[in-house]
1. Give Thr130, Thr108 a once-over and let me know the one that is in contact with a helix residue (DSSP H, G or I) (Cβ under 7 Å, 6 or more places away or on another chain) and surrounded by 16 or more Cβ atoms within 10 Å (Cβ to Cβ).
2. Could you identify the single residue in Leu101, Leu91 that is touching a residue at least 24 places away in the same chain (Cβ under 8 Å), of a type in the set (A, V, I, L, M) and within 30 Å of His151 (Cα to Cα)?
Amino acid sequence: MARINLLPWRENLRQQRQKNFLVGLGVAVLVAALLVLAGNHIMNQMISGQENRNQYLRGEIRKLERDIQRIEQLEQVRDNLIARKNVIERLQRNRSMMVHLFNQLAQTVPEGLTLSTVRQSGEQLTIVGTSESETRVSDYMRNIERAQWLHSPRLRIVERTRTEDRPGQSFRFELVVQVRSPEDQEES
């Protein structure tokens, strides 16, 4: 005999499939939600870690900036000390310059020539005086060129003057001379 199944098995199968589908869908939603939460947590951890590294780097940068400022201050102090040392060395080198300068002035002045004023401005010496003749001024300039501490004489003024206390002609002259020690002349 043939068996006929009159039970609603198709309907039961459909309900079973729908139930399985809903369970699968629920599980998938739950897994997706867990993945999103886990991803969010991992990203927050990564952001937090990067912020910590950034904060550490900012702190180290501040330390380095303070060190750089300190180095700049030390370099400025060093430059000031070097400048002071150079001034002291220059003063020490030029300590005897005036003695040599006056000695050279006395040795270079020819007979018949009188110096009235000598002014120094830095390395430049301005000499004003009177002479019996123009050739004496020329002799004086040649003597200056041969001197160790004086060099590069330039004649500014030579003019004829007559005075009551000196009968005859006299010439007023003004010279500009460079003053430099023999060591400085060798360096340049």
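1. Numbers: Thr130 fails: in contact with a helix residue (DSSP H, G or I) (Cβ under 7 Å, 6 or more places away or on another chain).
Residue meeting the stated conditions: Thr108.
2. Values: Leu91 fails: touching a residue at least 24 places away in the same chain (Cβ under 8 Å).
The conditions single out Leu101.
Each row is one residue, and each column tells you yes or no for (1) closer than 30 Å to Gly122 by Cβ; (2) out of contact with any Cys (no Cβ under 8 Å at 6 or more places or on another chain); (3) loosely packed, with under 10 Cβ neighbours inside 10 Å; (4) of a type in the set (S, T, N, Q).
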| site | (1), (2), (3), (4) |
| --- | --- |
| Val36 | no, yes, no, no |
| Gln50 | no, yes, no, yes |
| Ile61 | no, yes, no, no |
| Glu75 | yes, yes, no, no |
| Arg84 | yes, yes, no, no |
| Glu89 | yes, yes, no, no |
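Taken together, the values in this text are just the output of simple stated rules run on the coordinates, not laboratory data. It should be emphasised that the depicted structure is a prediction, and the values quoted were computed from it without experimental measurement. Note that each Cβ is placed from the backbone with ideal geometry, even for glycine, and that neighbours are counted across all protein chains shown.
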